[in-house]
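In what follows, a structure is listed as structure tokens, so that the remarks can point back to it.
Every number here is computed from the coordinates shown, using simple stated rules; none is lab data. A quick note: this is a predicted structure, and the numbers were derived from the prediction, not measured. Every residue, glycine among them, receives a Cβ derived from its backbone with ideal geometry; neighbour counts consider all protein chains shown.
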Amino acid sequence: MNIPNFLSLLRIILVPLLVIFLINKAFLKALILFTALGVTDALDGFLARILKQQTVLGSYLDPIADKILITSCFLALAILKVIPGWLAVIVISRDVIILMGISVLSIMSVSFEIQPLFVSKVTTALQIAAVFFAMVFKTLPGSLMIDQVWLITLYWLTALFTIVSGFQYVARGFRMINRT
């Protein structure tokens, strides 16, 4: 196993620890681990390109690690009422719909290549920012009202981009099915 794939696998393995920190309301520890996992996400992609170690396994492991991390964080933070439950439902539902679409395409033997859309990259960045800043504001003593307004705005932007990217993936899937 090469280093980039090991880092992706490490992210998957460490997600339960992050959830334990969140459940125990150890937000500073959770924030530190979440940040470290984000660094390993950037590092594995960078190393894969620089070391020319891009693999088929890595092309599956990296997005799976990302989805497990984001889904777990949104679910735990929503249960703890740190982020709105409706936002967690939107984020998780989009990922489930995308996975169902991939399953349908596979079952129908429709060939496809998994390539993220630009709006999907923005969506991922917003989702990561929403989780990150939710934890940041939980670790800061006495968050200001301006922080709360800013965070709510970030939540709505995250929801909007998540919905738009979800619709774009569904449309892409229908086009692929109609070509066969």
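A few remarks follow.
- Listed by number, the DSSP H helices of the chain that run 15 Å or longer by alpha-carbon position along their axis and have mean Kyte hydropathy of at least 1.6 are 3-23, 85-107.
- Estimated FRET transfer efficiency (residue 36, residue 109; beta-carbon r; R0 41 Å; 0.05): 0.55
- Given charges at Cβ of Lys, Arg, Asp, Glu: segment 3-179 dipole, positive-most of 8, 105, 20: 105
- If you plug the beta carbon distance of residue 20 and residue 64 into 1/(1 + (r/R0)^6) with R0 = 30 Å, you get a FRET efficiency near 0.90.
- Length gained on full extension, residue 2 to residue 149: 48.6 nm, using 0.36 nm per residue less the C-alpha separation.
- Cα pair distances in segment 3-179, grouped into 10 Å bins until the bin that holds the longest one, percent each: 9, 34, 35, 17, 4, 0
- Measuring against 31 Å, Cα to Cα, the residue pairs 29/52; 25/67; 25/121 contain 29/52 as the ones spanning a longer distance.
- Taking 20 °C and 1.002 mPa s as conditions, segment 1-91 diffuses translationally at an estimated 157 µm²/s according to Stokes-Einstein applied to its Kirkwood radius (Cα pairs).
- Between the listed residues 125, 167, 150, the Cα displaced farthest toward the positive end of the dipole of segment 27-180, a dipole computed from Cβ unit charges relative to the Cα centre, is found at 167.
- Here the residues 35, 158, ranked from fewest to most Cβ neighbours within 10 Å of their Cβ, fall in the order 35, 158.
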